[in-house]
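The values are calculated or read from the model by the stated rules, or taken from the named source; none is laboratory data. A quick note: this is a predicted structure, and the numbers were derived from the prediction, not measured. Don't worry about glycine lacking a Cβ; one is built from the backbone with ideal geometry, like all the others, and counts go over all protein chains shown.
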Amino acid sequence: MSLWAGLAAFAGLGWSHATEEEARELLASIVLTSGEEQAQAVEALGGHGDSIIGTVIEAWRVGGISSYTPPGGTGKIALLKEPEGYTDIATGEKVVPQGDPVTIRPSRALRKTLKKVADLLDLASPDPAARIAAAEKLGLSQNPDYLPVLRDRLEMQTNPKVRRAFDEAVNISLLANGTPQEQLAAVTALGNLRSYPARDLIEALRVKNAEAADDDGAAPESRAHAAAMQAAAVEALGQIDGHQKVVEVYGTLFRGLSLGSVLLLVAYGLAITFGLMGVINMAHGEFIAIGGYTVYLVQGWFATTFGEGTAGYETYFLWALPASFLVAAFFGIILERGVIRFLYKRPLESLLATWGISMILQQAFRLHFGAANVAVASPQWLSSSFEVAGVTMSYNRLFVIGFALFVIVATWLLLTRTSWGLHVRATMQNRQMASSLGVRSARVNMLTFAFGSGLAGLAGAFISQIGNVGPSMGQTYIVDSFMVVVIGGVGNLAGAALSSLGIGMVDQSLQPLLGPVMGKITVLLAIILFLQFKPGGLFPARSRSLDD
């Protein structure tokens with residue numbers, strides 16, 4: 001393929017893009033050309049977003065392109081230097097040169113052209129996200145060389161989000177490079193777009209034009225324009241700030257809901273073991289850690305068996321969820337059979353015993369997994385996010401919210417619509433009466449404690465996707481868990497659900513205003529004051545301990 005014939009073919013392809021083979025042949029021709037023709041050809045590549053073009057351009061800028069004449073060959077070939085060796089740019093095949101290839105070093109002027117082309121390549125990328133990021137970057141640079149390209153590319157966009165990004169980039173660039181009339185129109189347009197990246201630039205224009213409008217020595221026309229620009233800037237800033245406040249409110253609402261869902265998953269198991277059974281289990285946090293470490297082990301097994309990034313590996317978290325529940329429930333049975341069953345009606349002894357067990361379990365985690373946090377990676381389908389009205393929503397937090405609702409419904413059905421749930425409620429209300437009616441209270445206690453421990457394991461599984469997994473991960477949530485149970489009403493699962501969401505919302509609302517530490521302190525003080533007026537919590541309920 002000749003140089004200009006290849007460029008003509010590229011130009012005719014528009015957005016459909018050439019094949020990689022055609023792009024490679026054209027790049028090899030350009031690299032091996034020289035002089036003004038080479039510079040013009042390089043500049044013509046700026047309208048094409050093929051990934052191989054970006055790779056070669058970046059390598060060329062830093063001396064990663066060489067020419068080589070194979071023994072017995074008919075001419076030179078262009079080579080791309082990569083960590084694993086050399087690749088023939090024209091064919092994509094690996095080459096082992098005999099001798100040292102000659103590095104093709106671009107001139108200073110050509111390097112400048114290469115940088116410009118590298119900046120513009122993503123504007124033509126087939127990936128909408130890459131085009132949006134490139135437009136934002138070039139717009140904020142306010143480089144006058146990029147303004148014509150952004151305008152031309154704006155007309156080619158059919159995706160509404162991409163078109164908005166290009167429109168925003170053009171108007172941001174016009175703030176510095178446009179005529180006075182274009183600047184005024186750009187300020188108005190950016191206000192209508194609620195462009196937060198342009199806020200500081202508009203504020204600078206407002207200050208500048210406020211001073212110009214008050215300059216008695218300026219021409220009347222200049223003062224009138226400055227006043228109009230100042231008024232437009234004030235209106236645009238009001239639109240941007242108003243929209244940002246709405247985004248912050250909804251963002252806080254979403255973060256609070258996700259934090260409340262995490263607290264709910266953490267506290268629901270405690271609401272059963274403490275609220276229904278009356279057992280103060282200070283090792284509840286370690287069951288959370290058991291769930292987190294179970295996810296880590298399942299992830300490692302899937303990575304070894306299927307390989308990271310494979311379709312099989314992407315399903316590991318779906319298997320880790322039931323595994324974390326079952327493993328934590330199993331250890332819950334061991335704890336209940338080995339220690340807790342001897343300490344019913346003895347809350348102080350159960351508190352001290354489970355606190356000691358929590359210390360033992362933390363040390364066991366350190367000995368087996370190490371003192372440092374272990375790495376748990378989210379599967380790809382949980383790692384991404386999307387944006388709604390300016391609020392970024394991550395899939396992992398949405399999944400936590402959805403699963404928390406599932407846990408609420410499933411627990412309610414188990415306790416109110418099954419015979420096991422009936423036995424649980426009967427045993428917790430009056431153990432002796434339930435036993436006299438044939439309910440195996442010891443078995444009910446064991447399964448109830450196992451269920452609460454399993455829920456803690458599930459909480460640990462979800463925390464592994466949004467936080468750290470380490471020996472003391474559960475201790476971060478144990479105090480909040482008890483607060484949730486007490487505020488909701490000891491023994492009332494609906495109250496635990498409402499209090500966890502409420503605490504999550506209040507915490508996320510106060511932290512931006514007071515900071516993380518003062519926010520937590522304020523929440524704790526508010527809870528203490530609340531309990532002074534309602535010591536029974538939101539929904540006071542009779543527990544077994546009140547009847548014994």
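Couple of notes before you dig in:
- Output for the stretch 331-370, where each listed residue is in a loop (DSSP other than H, G, I, E, B) and modelled with pLDDT of 85 or more: Val339, Gly370
- Test: Gly474 is surrounded by fewer than 17 Cβ atoms within 10 Å (Cβ to Cβ) and out of contact with any Ser or Thr (no Cβ under 6 Å at 6 or more places or on another chain): no
- Only one of the listed residues (Ile280, Ile272) is of a type outside the set (Ser, Thr, Tyr), within 30 Å of Arg346 (Cβ to Cβ) and in contact with a Leu (Cβ under 6 Å, 6 or more places away or on another chain). That residue is Ile280.
This table checks each residue for (1) of a type in the set (S, T, N, Q); (2) in the same structural domain as Ala23 (by TED's automatic domain parsing).
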position	(1), (2)
Leu79	no, yes
Thr113	yes, yes
Pro144	no, no
Asp152	no, no
Lys161	no, no
Phe166	no, no
Ala169	no, no
Ala176	no, no
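- Candidates Asp152, Asp145, Asp122, filtered to the one that is acidic (Asp, Glu), closer than 16 Å to Asn171 by Cα and assigned to a helix (DSSP H, G or I): Asp152
- Just one of the listed residues (Leu493, Leu513, Leu501, Leu525) is farther than 25 Å from Gly292 by Cα and either touching a helix residue (DSSP H, G or I) at 6+ places or on another chain (Cβ under 9 Å) or at pLDDT below 70 (or both), and it is Leu513.
- As a summary of the residue check, Leu437 satisfies the conditions (1) modelled with pLDDT under 85; (2) within 23 Å of Gly402 (Cβ to Cβ) except for the one numbered (2).
- Condition check for Ile280: more than 23 Å from the chain's Cα centre (by Cα), under 27 Å from Leu367 (Cα atoms) and at pLDDT below 85: yes
- Hits in the stretch 300-317 (condition: of a type in the set (Asp, Glu) and either farther than 19 Å from Val374 by Cα or part of a helix (DSSP H, G or I) (or both)): Glu314
- Residue within the stretch 508-527 that is under 20 Å from Phe287 (Cβ atoms) and crowded, with 20+ Cβ neighbours inside 10 Å present: no
- Lone qualifier among Ala233, Ala186, Ala228 - being part of a helix (DSSP H, G or I), surrounded by 15 or more Cβ atoms within 10 Å (Cβ to Cβ), touching a Lys or Arg at 6+ places or on another chain (Cβ under 9 Å) and in contact (Cβ under 8 Å) with a residue 12 or more places away in the chain: Ala233
- Selection of helices (runs of 4 or more DSSP H) fully inside the stretch 392-481 by the criterion of at least 2 residues being more than 23 Å from Ser350 (Cα to Cα) and without any contact (Cβ under 8 Å) to a residue 40 or more places away in the chain returns 395-417, 419-429, 431-436.
- Val246 satisfies every condition listed in (1) hydrophobic (A, V, I, L, M, F, W, C); (2) surrounded by fewer than 15 Cβ atoms within 10 Å (Cβ to Cβ); (3) touching a helix residue (DSSP H, G or I) at 6+ places or on another chain (Cβ under 9 Å) except (3).
- Residue check, Arg153 touching a residue at least 12 places away in the same chain (Cβ under 8 Å) and either in contact with a helix residue (DSSP H, G or I) (Cβ under 8 Å, 6 or more places away or on another chain) or among the polar types (S, T, N, Q) (or both): yes
- Condition check for Thr294: modelled with pLDDT under 90 and either in contact with a Phe, Trp or Tyr (Cβ under 7 Å, 6 or more places away or on another chain) or among the β-branched types (Val, Ile, Thr) (or both): no
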